[in-house]
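**Student:** First the structure, which I've put down as structure tokens, then a few questions once you've had a look.
The values are calculated or read from the model by the stated rules, or taken from the named source; none is laboratory data. The shown structure was predicted, so the numbers you read here are calculated from the model rather than taken from an experiment. Neighbour counts run over all protein chains shown; Cβ positions are idealised from the backbone, glycine included. In case anyone asks, the SASA skips ligands and DNA or RNA and just uses the protein heavy atoms, side chains included. Shrake-Rupley method; radii C 1.70, N 1.55, O 1.52, S 1.80 Å.
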Amino acid sequence: EVIGSFGPDSTGRGKLIEPSGVTTDAFGRVYVTDASTHTLQRWDAAGRWLDETGTLGNEDTRFRRPSGVTRLGSLGVAVLDLGNRRITAYDLQLRLLGVLIRLDDQVLETRLGRIRPVALAADRGGAMALADGDAGRVLLFDTTGRLTKEVGGLGGRAGAFRDIVAMAMSPNGTLVVVEQRSSPKRRKGAPVDTAAASEAVARVQVLDATGTVLRTWPLVSRDPRAFACAVDDSGRVAVATDEGRTASLVIFDARGLRLAEWDELVAPRALTFAPDGTLIVAEAAPARVRRLRLLAEE
């Protein structure tokens, strides 16, 4: 059930064109990155627009197609600036704290190779996780931006990744990784199932803070264009799939069992659980951010 929205005020401030990331702080305030306006914007929990920062540019105070945004401990938020290949930190009043990670840093690239960032997330202590789509891995950094661990690697086994398309991290450090995978294989001699052949199988992997796999389960969608996911401390996992003309949102419990499903989204791009247990969804077409209450829990 939609119970609220976040958008422009009566003067037009807070207009969204291409929302690409969303997170909340402990007070329920909502932070949204917009890839087209190159901004980070902020609303209060009731949906009143507060302020914004950023514009197009290369300086540390500017963005070039910002993507994910994540709560950074209790003191701020971190933004994945795709075009400028960096992760920048802001306090809860949108004042610049500094650049935490420069992905084109020569020392980092020498150690890791070129990184293709897919998603950014953090736990309640401010430790960050960055999904690297090409290398099939998740890079873990401490609060200062120092690399501490690599999780995964290319492969199909549990604990390895292929084609990472979304990632989330709970406050307690649980990682959720969504992979887009190939169509299901048909057994030799079995009849062709046209419907099944057109479906693409994705996989959800849940890992603890050390990178140990806790559980995995498949996702099936006919023509996935994009994915988004979120996880809370109770282990609930939300996965949104954009299939062009249709989109779906599925909520799973900590065991991977379906709790609820909703198909009234349009082009979902980012999800986050708010402190009150509601789900905040950023959609690209039309450009909007909405608050959902999960009726299955009532």
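**Student:** If Lys and Arg each add +1 and Asp and Glu each add -1, what is the summed charge of the other residues whose beta carbon sits under 12 Å from the beta carbon of Gln205?
**Tutor:** Here the charged neighbours net out to +3.
**Student:** Measure off 7 Å from each Cα along the Cα-to-Cβ vector at Gln93 and Arg293, then give the distance between these two points in nanometres to one decimal.
**Tutor:** Between Gln93 and Arg293, the simple spin-label model gives 3.4 nm.
**Student:** Which part of the range 38-59 falls in the paramagnetic zone of Thr11, meaning amide N under 14 Å from the point 7 Å along Cα-to-beta-carbon?
**Tutor:** It comes to 49-52, nothing else.
**Student:** Next question. Select from Val206, Ala284, Val266 the residue farthest towards the positive end of the dipole of the chain; place +1 on Cβ of Lys and Arg, -1 on Cβ of Asp and Glu, and compute about the Cα centre.
**Tutor:** Val206
**Student:** Next question, about the same structure. When you count, for each residue, the other Cβ atoms within 10 Å and take the mean per peptide, how do 233-246, 93-106 rank with the highest first?
**Tutor:** The densest-packed peptide leads the list: 233-246, 93-106.
**Student:** How many nm is it between the label spots at Ala160 and Ser74, if each spot is 7 Å from the Cα in line with the beta carbon?
**Tutor:** With each label placed 7 Å out from Cα toward Cβ, I get 4.2 nm.
**Student:** First compute the accessible area of the range 74-113 with a 1.4 Å probe, then give the percent of it belonging to carbon and sulfur atoms.
**Tutor:** Its accessible area is 50 percent carbon and sulfur atoms.
**Student:** Also, quick follow-up: Accessible area per residue of the range 220-298 at 1.4 Å probe, in Å²?
**Tutor:** 44 Å²
**Student:** Find which of Trp43, Pro19, Leu96 sits farthest along the positive direction of the dipole of the chain, computed with +1 on the beta-carbon of Lys and Arg, -1 on that of Asp and Glu, about the Cα centre.
**Tutor:** Pro19
**Student:** Pop out the Kirkwood hydrodynamic radius of the chain from its pairwise C-alpha distances, inverse of mean 1/r, in Å to one decimal.
**Tutor:** 19.3 Å
**Student:** Relative contact order for the chain: what is it in percent, counting Cα pairs under 8 Å that are at least 6 residues apart?
**Tutor:** Relative CO of the chain lands at 14 percent.
**Student:** Shifting gears a bit: Would you please name the chymotrypsin sites (Phe, Trp or Tyr not before Pro) within the range 1-60 that are DSSP coil residues with at most 11 other C-beta atoms within 10 Å of their C-beta?
**Tutor:** Those satisfying the criteria are Phe27.
**Student:** Have a look at Val239, Ala119, Gln106 and report the one farthest towards the positive end of the charge dipole of the chain, computed about the Cα centre with Cβ charges (Lys/Arg +1, Asp/Glu -1).
**Tutor:** The one lying farthest along the dipole's positive direction is Gln106.
**Student:** Okay, next question. For Leu259 and Arg48 in the same chain, what is the full-extension length gain: residue separation times 0.36 nm, less their Cα-Cα distance, in nm?
**Tutor:** 72.9 nm
**Student:** Share of the range 204-245's accessible area from carbon and sulfur, percent, 1.4 Å?
**Tutor:** Summing carbon and sulfur atoms, their accessible area is 46 percent of the total for the range 204-245.
**Student:** What whole-number distance in Å separates the alpha-carbon centres of the range 214-241 and the range 1-71?
**Tutor:** 23 Å
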